[in-house]
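Let me begin by presenting the structure, written as structure tokens, before commenting on it.
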Amino acid sequence: MSADPAITPELIAEHGLTPEEYERIQEIVGREPNFTELGIFSVMWSEHCSYKNTRALLKGFPVESPRVLVGAGEENAGILDIGDDLAISFKIESHNHPSAVEPFQGAATGVGGIIRDIFTMGARPVCAINSLRFGELDNSEVRRLFRGVVSGIAHYGNCFGIPTVAGEVYFDKSYEGNPLVNAFALGVLRHDQIARGAAKGVGNPVFYVGPATGRDGLAGAAFASQDLTEESAEQQRSAVQVGDPFMEKLCMEACLELLATGAVAGIQDMGAAGLTCSTCETAARGGTGIEIDLAKVPQRSPGMTPYEILLSESQERMLIIVTKGREEEVKRIFDKWDLPWAEIGFVTDSGQMVVKNHGEVVADLPASKLADDAPIYHREAKEPAYLAEVRSFTLAGVEDLEDPTEALEKLLEWPSIASKNWVYRQYDHMVRANTMVNPGSDAAVIRIKADSVPGGDDREDFPEKLVALAVDCNASHVYLDPYEGSKAAVAECARNLACSGATPIGTTDNLNFGNPHNPELFWQLKESVRGLAEGCIAFDAPVTGGNVSLYNQNPDGAIDPTPTVAMAGLVEEERHVTTQWFKEEGDAVILLGAPVDSEDALQGLGGSAFLQVAHEAKTGQPPRCNLETERTLGTTLLGLIQSDLVKSAHDCSEGGLAVALAECTFSDLEARNTPRFLGAEIDLSSVEDVRLDALLFGESHGRVLITTSELDAVKTVERAKLLGVPAQRIGTVGGKQLKLKTPAGEHAWEVAGLHDLWWNSIGNAMA
């Protein structure tokens, strides 16, 4: 075994630590750390683990509500009460850098990691969703990354047996070389099944469970906290983990069975920073110490050093603190599930994380200082210079449309708007048979049944629940105005839930941004967090946890700031579940909300998909987001749905009103995946003083398209107006064409033709 390298300024810098941080480490330890201890501090004080650049900002998020049982930052994932002694645990996390280096395994292990976060809480994972961002599809390298990421997600989720029920995919040049892969999972449990990641009980043994530790995923947390370049990507290929979904399935079933015995004093998955993080965090949460011997840790690579064992992020591994005296019971369960295990240490009262190797101490560090005492930075924030040009943009030089025919077709074919069936048809979204709304509508809806709960639920009259899920972020809008764009991301998520018949109850977010040392990029982050916080407060949807992913850069600069928002909601009754597709000939089409925001000088075209597609311009101030208006719209829509007045509902977002109408005509698939087309005749000719391109393709917020029966149309419009929401009937469902009457004339498209452009766009690009 080679000797440890000497601690030099260069080595310290290679570990992502500043000279000031190293001085602080010396003060904490009371001496110069050895090489292994340096590695431990480097991962625990990385942005990925410590949030040292963002923790101060995140304190602005709302985190409390009567439903919160486990709040943000307390454990691996948050938990919300959904009534009748039932709860859901959910969270979103990124695996961006690993997916850029090795797309299949990077994405696959992102799914595996978020699933472990959920069952570590004692919950049975019941569904997954994701948010993906890539460069433009005319780039062969982008297509390679896209194909690999989707394949990795499909492989892990399908093999594990969890349905992937919703998501979003965007394509923009800013993500070239640095794709975003944000994975979400949700699980179900009873209140009395909540597990904690704390090392409690001095003398309790510490068990390692799962496959042997290897050199894959080495220092992955530190890698995720660095700028991504071609050189660093190649150098850090070993930082990408390798996943085994079958092993994870065994691990989950064993852990859930074990938790039911009451023999577990604490449980933690080995995710970011591996064995290092799981040991020091459990000790810190428990107010205890922990001692382990690395010689007892199963190892699949010969000659691994303590540094490598501690910093490895090999997958499907768990750390379990067992109540002393119940070891044999625990071992029997591990053996039943054919899981490798080893007793590697015990809980102490020292407050120290003591690591031995064959009895020799290789690290002796204060656990709480590692887990909770990383430096907190308040970075300089400076408004980006590009915003001056953005704010000066007017429509004076943009010629209005005379004929929108080609514009609508191009927008529907644009990959960010086009159907994502090429993606979701690779996912199993029906396994466990609880999916009520398949991918493709505004939000997914899943049924919580007795077998969703760990160990099942023997109540004769089990109170089945309906949970809706949505994930959203228009990063172009965030780039052009981080504050308004981030408010809008929350509002769109809430709208999508309302369109599905659900009331929002909680939020998780993934903050994907560039290098925080750049004042302009940090300003984007700061303003975005401010907008997200206000949005979550407005919808009474506290943030239960999430992830911060910084240093997302390519050689041309940072990605567009992308605060991905995922939100969970509850549907009161099955009959309230609503989808976006037109249902019957003769139904009335009603627009809730003003056709265009009259106070917006750009009439909703700022940052719009239309400007990007038709004029190759990503500029202009995006539509403002009035949270009070959005909340009123949501509650009104839910009231209409619960009064059995609404047959379909679809919000207006990217592509505006015309795209939303077209998407409504592509009715849900029938047997053998045959599309059912229902056209409509729409009359917008009464809308005055609005450009045609803005009327059809502007992206003003606070708008939803609904359909009702002919008999209920007048009553629905009147009730909406009474509740403070502008409403007007704009047309009738019927025929095989989408017909639009506007102040500029009449326009018509064959629905089948529009559908084919929309449905086949991504598949054709990937062929």
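Only the coordinates and a few stated rules stand behind these numbers; no lab work does. In this text, all values refer to a predicted model and were calculated from it rather than measured experimentally. Positions of Cβ are generated from backbone atoms using ideal geometry, with glycine treated the same way; all protein chains shown enter the neighbour counts.
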Original post:
Cα to Cα, under 17 Å, and not fewer than 8 places away if on the same chain: which lysines meet these conditions relative to Lys356?
Top reply: Lys296
**OP:** Just report the Cα centroid separation between the range 545-580 and the range 365-415, whole Å.
**Re:** 15
Original post:
Size of the chain along its principal axes in angstrom, Cα-based, largest extent first?
Top reply: 84, 63, 45
**OP:** Have a look at Leu757, Leu638, Ser140 and report the one farthest towards the positive end of the charge dipole of the chain, computed about the Cα centre with Cβ charges (Lys/Arg +1, Asp/Glu -1).
**Re:** Leu638
**OP:** Note down the Stokes-Einstein diffusion coefficient of the range 716-765 in µm²/s, whole number, using a Kirkwood radius over alpha carbon pairs, 25 °C, and 0.890 mPa s.
**Re:** 176
Original post:
With charges set only on the Cβ (+1 for Lys and Arg, -1 for Asp and Glu), what does the dipole of the chain come to about its Cα centre, in debye to the nearest 20?
Top reply: 1300
Original post:
Taking Cα centroids, how far is the range 492-534 from the range 281-313 in Å?
Top reply: 35
**OP:** Within the range 38-75, which residues have the backbone N less than 16 Å from the label spot 7 Å out from Ile28 along Cα→beta-carbon, could you tell me?
**Re:** 38-55
**OP:** Would you mind counting up the charge near Ser174? Only other residues with Cβ under 13 Å from its Cβ, with Lys and Arg at +1 and Asp and Glu at -1.
**Re:** -2
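With +1 on the Cβ of every Lys and Arg and -1 on the Cβ of every Asp and Glu, and nothing else charged, how large is the dipole of the range 606-716 about its Cα centre, in debye rounded to the nearest 20?
220
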Original post:
Which of the lysines could be linked to Lys715 by a straight reach, that is with a Cα gap under 20 Å, when you skip same-chain ones fewer than 8 residues away?
Top reply: Lys583, Lys647
Subject >> Sparsely packed GluC sites (Glu not before Pro) within the range 669-742, loop by DSSP, other Cβ within 10 Å at most 13 >> reply: Glu670, Glu688
Subject >> Estimated inter-spin distance, Ala433 and Gln642, nm [label 7 Å along Cα→Cβ] >> reply: 3.1
Original post:
Once the Cα atoms of helix 274-286 and of the chain are each reduced to a long axis, what angle between those two axes, in degrees from 0 to 90 to the nearest 10, is obtained?
Top reply: 90
Original post:
³J(HN,Hα) across the range 443-456 via Karplus (A = 6.51, B = -1.76, C = 1.60, θ = phi - 60°), whole Hz, x for Gly/Pro?
Top reply: 8, 7, 10, 10, 9, 9, 10, 4, 7, 6, 8, x, x, x
Original post:
How far apart, in nm, are the 7 Å Cα→Cβ label points at Glu718 and Met766?
Top reply: 5.0
Original post:
Hey, rough spin-label estimate for Asp338 and Ala396, points 7 angstrom out along Cα→Cβ, what's it come to in nanometres?
Top reply: 7.4
Subject >> Cα lying deepest toward the dipole's positive end in the chain, options Ala418, Gly351, Pro375, charges on Cβ >> reply: Gly351
Original post:
Near Asp712, within a Cβ-to-Cβ distance under 14 Å, what is the net charge of the other residues, with Lys and Arg +1 and Asp and Glu -1?
Top reply: 0
Original post:
Per-residue HN-Hα couplings for the range 65-75, Karplus 6.51 cos²θ - 1.76 cosθ + 1.60 at θ = phi - 60°, whole Hz, x for Gly and Pro?
Top reply: 6, x, 7, 6, 9, 9, x, 4, x, 6, 9
Subject >> Thr674-Lys296 FRET efficiency (beta carbon distance; Förster radius 60 Å; 0.05 resolution) >> reply: 0.55
Original post:
So how do His95, His701 line up by other beta-carbon neighbours within 10 Å, fewest first?
Top reply: His701, His95
**OP:** Would you mind calculating the gained length between Ala388 and Lys173 on full extension (0.36 nm times residue separation, minus the Cα-Cα distance), in nm to one decimal?
**Re:** 75.2 nm
**OP:** Multiply the residue gap between Glu64 and Ser151 by 0.36 nm, knock off their C-alpha separation, and tell me the result in nm, one decimal place.
**Re:** 27.6 nm
Subject >> Rounded D (µm²/s) - the range 579-767, Kirkwood Rh over Cα pairs, Stokes-Einstein at 4 °C, 1.567 mPa s >> reply: 76
Subject >> Helix 327-336 axis, angle to the chain major axis (alpha carbon atoms, nearest 10°) >> reply: 50
**OP:** Grab the other residues whose beta carbon is less than 11 angstrom from that of Phe104, score K and R as +1, D and E as -1, and report the net.
**Re:** +1
Original post:
Taking the Cα atoms only, what angle lies between the long axis of helix 713-722 and the longest principal axis of the chain, rounded to 10 degrees?
Top reply: 60
Original post:
Magnitude of the Cβ-charge dipole of the range 579-767, K/R +1 and D/E -1, about the Cα centre, nearest 20 debye?
Top reply: 200
Original post:
What 222 nm value per residue comes from the helices of the chain, counting each DSSP H run with n ≥ 4 as -39,500 (n - 2.57) and dividing by all residues, nearest 500 deg cm²/dmol?
Top reply: -10500 deg cm²/dmol
Subject >> Selection from Pro595, Ala727, Gly620, by position along the positive dipole direction of the range 579-767 (Cβ) >> reply: Ala727
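So if we plug the beta-carbon distance of Arg729 and Asp756 into 1/(1 + (r/R0)^6) with R0 = 22 Å, what FRET efficiency do we get, rounded to 0.05?
Calculated transfer efficiency: 0.15.
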Original post:
What GluC sites (Glu not before Pro) in the range 314-405 are in a loop by DSSP, with at most 13 other Cβ atoms within 10 Å of the Cβ?
Top reply: Glu380, Glu399, Glu402
